[in-house]
């Protein structure tokens, strides 16, 4: 086996910051190479150096690719050599068809006129390779995220890829879609495509990677080899955070009190396709001090359920009753839901949770401005006190609370969203994928916050696609599939197998 | 890494501070530089008392509408109809007063109400039906342009009674004893001095200095990065001196125009509203990220609706001021004026995507355009070149914004 890519002593500096400090990376031809590291460790910067986003000359060190020194001036340079990146945020044009997307910028045309027959035939061949059965004319917007991810890979394959780089490919995928994607990666490996995967999901890394390189604070910490049996999740975590993590899920005294929230006979229809029922007759209780999980595949309706409960933010023709502390609550509007003691921490913090262009302080107080004002006139001194309080309590890492939120890392942004909802003073918090896309250290801190909330007697509903997280954190887990609850398991009963079998047998 | 980057960008030192606040200083310096330039090339005509008074009167209706437009733009929308609505309300006022013999008071109240209803009607479609504001207000622009023509039957209508003209052409009576005025006039070697105007200028300068010091102390107490002392005192000093200078000039002519009073009071109210009240804050959140604001309990539809209703009232107020100033209503009144108003707001630093912009910026932006207009007119530069230059200034301001932003990130 020969070395396809070798990055030697790569150092990349931004004004005042050394993002990469003599990083070394060697990728063998035909292997799957995983790069692990906390958010902000420098993984993305390294990939940008590799793909020519940061052109040659803006960094120190050398890149050797396919036996020769490579000096890429831009992305098209590296793409011409078969290096293709699939970014975390998908780069598909939503309203174009699969075929149009696959050959965007690379159209099968003769003197500027597109040859649709050729395009469609080649598209079908590529879709078969990635295991998609959709017609080439299907509009990308109508596909799920998992299938869109596969279209991205098909697009990469259309360009005769030699080195495929996948940045957090499964971050937005459900369990089964993730499995399908990992299978595809292994199959591509059989066909000789070398791959680099960046991922936070260590079980997936362990499953597919031949080699793992861990990066911490801009330097290479370790390289592990599967053939030598060196890859273990604990080992990766230790190297990522620089310390042993004895418990990935902090302990909590489990005690459930009175019923705080009770949802009965909840039905919701799709906001546009009125005939589609999204939520079917859901009944749910949350007790004081309890952490209740909702497990399910992507598209099971978990987010739709949460948002429809939270001030009817999703769906139409919503029916059913909701009681808070035994009394019917009016949750027809978001402000009503907040008043009734509910909070919903969204799964999509950038587009639904934060005003990115505003400061940390203004984001934290947004859901409860009356608390920091007198007769509708804002008291900024009080606002700052509040923001500082949550900055300290949740350990938000920032030079100041007047920093704009967009300058924070994912984990710190998530803490700002949590702060906003903690300040709103809810009794029941619905956390939708609270640890998505954030690093191991920040995850641990979020778990600690959840336990703290439960100790204060608040009810927590936790929606997560990571089953180990639900199993590690929850007192009780509802299993959801196709809009309905198909089972309820206590912490003692629950296991990944039982949850999956409940989903599959329904 | 992003955190560290941010820290680096926020590094200490005057240079770094200037980089981060380029926009605000840039605007102020641009205004001063342009005034200085025209003062010289017009041989001092620009800052003659009569011209200063004119400058204020000429731009009053633009500034009044810029206040509302800033809110609309911060909320993430645009209003193309304000010029037409302004013309229509002026026409309505003329018909009511000249043809129907109604009193000035009733006319003003009816016109403001009509403006509010027109704005509300547009806001209704934009807020509750999610029809893009560009389309709705473009439609309204055509509708009200047509309706003013219809109302005036294509003719100019006037004149107005003196009482109505006073809205624009009146001056606030000097409440200080005449003896004091004569004494001061002798002291400064002027023909006359309006003490009220001078006193207002001095009070405004003191207030600005006091509030500047207060908020600076407060910011420091909060641990916010405060402006370097040199900048702070230079900015406060220049602003105060400029205010005193302008009001002194006014006092040697006819004193405080009524319109200036209206404009000043409205500016203060709207600046306070946008920066210090719960509703104001929510409008910024709405423009910054509508979905996130909505999920935080902000009633986004209602706020959008109110932003347009408010814009309608201000467009009506501007229409009254404009008609009173011309002493007649014409079918052409307010034609293409919406573009000047929008330009003023963008020059003042508002963002096209919403969520960013300040009242003070919009007012300074409007003055900047006003000084350009006025200076070029004094020089006798043709309307053709004037348009070209104004267009380029707008483009330059926005390019400067975008460039600054890309440099920061």
Among residues belonging to the range B:43-82 that are over 14 Å from the mean Cα position of the chain (by Cα) and in a helix (DSSP H, G or I), point out the one that is modelled with the highest pLDDT. B:74
Single condition residue A:228 does not satisfy, out of (1) assigned by the TED database to the domain that holds residue A:14; (2) in a loop (DSSP other than H, G, I, E, B); (3) touching a residue at least 24 places away in the same chain (Cβ under 8 Å); (4) out of contact with any strand residue (DSSP E or B) (no Cβ under 9 Å at 6 or more places or on another chain): (3)
Take the range A:25-39 and flag every residue that is in a loop (DSSP other than H, G, I, E, B) and under 19 Å from residue A:240 (Cβ atoms). A:37, A:38, A:39
Taking residue A:397 and the conditions (1) out of contact with any strand residue (DSSP E or B) (no Cβ under 9 Å at 6 or more places or on another chain); (2) farther than 26 Å from residue A:311 by Cβ; (3) more than 7 Å from chain B (Cβ to nearest Cβ), which numbered condition does it fall short on, given that it satisfies the others? (3)
Is one or more of the residues making up the range A:47-62 surrounded by fewer than 21 Cβ atoms within 10 Å (Cβ to Cβ), away from every other protein chain (no Cβ under 14 Å) and more than 22 Å from residue A:80 (Cα to Cα)? yes
Within the range A:336-382, residues more than 22 Å from residue A:402 (Cα to Cα), facing chain B (nearest Cβ under 9 Å) and surrounded by 24 or more Cβ atoms within 10 Å (Cβ to Cβ) come out as A:337, A:344, A:346
Those strands (runs of 3 or more DSSP E) lying entirely in the range A:54-171 with at least 2 residues within 24 Å of the chain's Cα centre (by Cα): A:83-86, A:163-167
I'd like to know if the range A:173-180 contains one or more residues that are surrounded by fewer than 21 Cβ atoms within 10 Å (Cβ to Cβ), part of a strand (DSSP E or B) and assigned by the TED database to the domain that holds residue A:87. no
Search the range A:264-289 for residues being within 13 Å of residue A:478 (Cα to Cα) and touching a residue at least 40 places away in the same chain (Cβ under 8 Å), and hand back the single one that is surrounded by the fewest Cβ atoms within 10 Å (Cβ to Cβ). A:283
Which residue out of A:98, A:85 is touching a helix residue (DSSP H, G or I) at 6+ places or on another chain (Cβ under 8 Å), under 30 Å from residue A:36 (Cβ atoms) and surrounded by 14 or more Cβ atoms within 10 Å (Cβ to Cβ)? A:85
With respect to residue A:236, determine if the residue is touching a helix residue (DSSP H, G or I) at 6+ places or on another chain (Cβ under 6 Å), within 30 Å of residue A:9 (Cβ to Cβ) and assigned to a loop (DSSP other than H, G, I, E, B). no
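Residue by residue, here is whether (1) within 11 Å of chain A (Cβ to nearest Cβ); (2) at pLDDT below 90; (3) in contact with a helix residue (DSSP H, G or I) (Cβ under 6 Å, 6 or more places away or on another chain) holds:
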site: B:250; (1), (2), (3): no, yes, yes
site: B:271; (1), (2), (3): no, no, yes
site: B:293; (1), (2), (3): yes, no, yes
site: B:304; (1), (2), (3): no, no, yes
Taking the range B:195-234 only, how many residues are within 14 Å of chain A (Cβ to nearest Cβ) and surrounded by 13 or more Cβ atoms within 10 Å (Cβ to Cβ)? 10
Check off (1) at positive phi; (2) touching a helix residue (DSSP H, G or I) at 6+ places or on another chain (Cβ under 7 Å); (3) buried (at least 21 other Cβ atoms within 10 Å of the Cβ) for residue A:30 and give me the number that stays unchecked. (3)
Is it fair to say residue A:428 is more than 12 Å from chain B (Cβ to nearest Cβ), touching a residue at least 40 places away in the same chain (Cβ under 8 Å), more than 15 Å from residue A:354 (Cα to Cα) and touching a strand residue (DSSP E or B) at 6+ places or on another chain (Cβ under 7 Å)? yes
Of everything in the range A:209-257 that's within 14 Å of chain B (Cβ to nearest Cβ) and at pLDDT 80 or above, which residue is farthest from the chain's Cα centre (by Cα)? A:219
Selection within the range A:322-334 - surrounded by fewer than 13 Cβ atoms within 10 Å (Cβ to Cβ) and either under 20 Å from residue A:421 (Cβ atoms) or in contact (Cβ under 8 Å) with a residue 24 or more places away in the chain (or both): A:326, A:330, A:332
Considering the range B:14-27 alone, what residues qualify as being part of a helix (DSSP H, G or I) and either at pLDDT below 80 or in contact with a strand residue (DSSP E or B) (Cβ under 7 Å, 6 or more places away or on another chain) (or both)? B:14, B:15, B:16, B:17, B:18, B:19, B:20, B:22, B:23, B:24, B:25, B:26
Out of (1) part of a helix (DSSP H, G or I); (2) modelled with pLDDT under 95; (3) touching a helix residue (DSSP H, G or I) at 6+ places or on another chain (Cβ under 8 Å), the one residue B:85 does not meet is (2)
Could you say which residue among A:405, A:386 is touching a helix residue (DSSP H, G or I) at 6+ places or on another chain (Cβ under 8 Å), more than 9 Å from every other protein chain (Cβ to nearest Cβ), closer than 25 Å to residue B:280 by Cβ and surrounded by fewer than 24 Cβ atoms within 10 Å (Cβ to Cβ)? A:386
Count of the range A:358-376 residues which are part of a loop (DSSP other than H, G, I, E, B), touching a strand residue (DSSP E or B) at 6+ places or on another chain (Cβ under 9 Å) and without any contact (Cβ under 8 Å) to a residue 40 or more places away in the chain: 1
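The values are calculated or read from the model by the stated rules, or taken from the named source; none is laboratory data. All values derive from a computational prediction rather than experimental measurement. Glycine also receives a Cβ, built like all others from the backbone with ideal geometry; neighbour counts cover every protein chain displayed.
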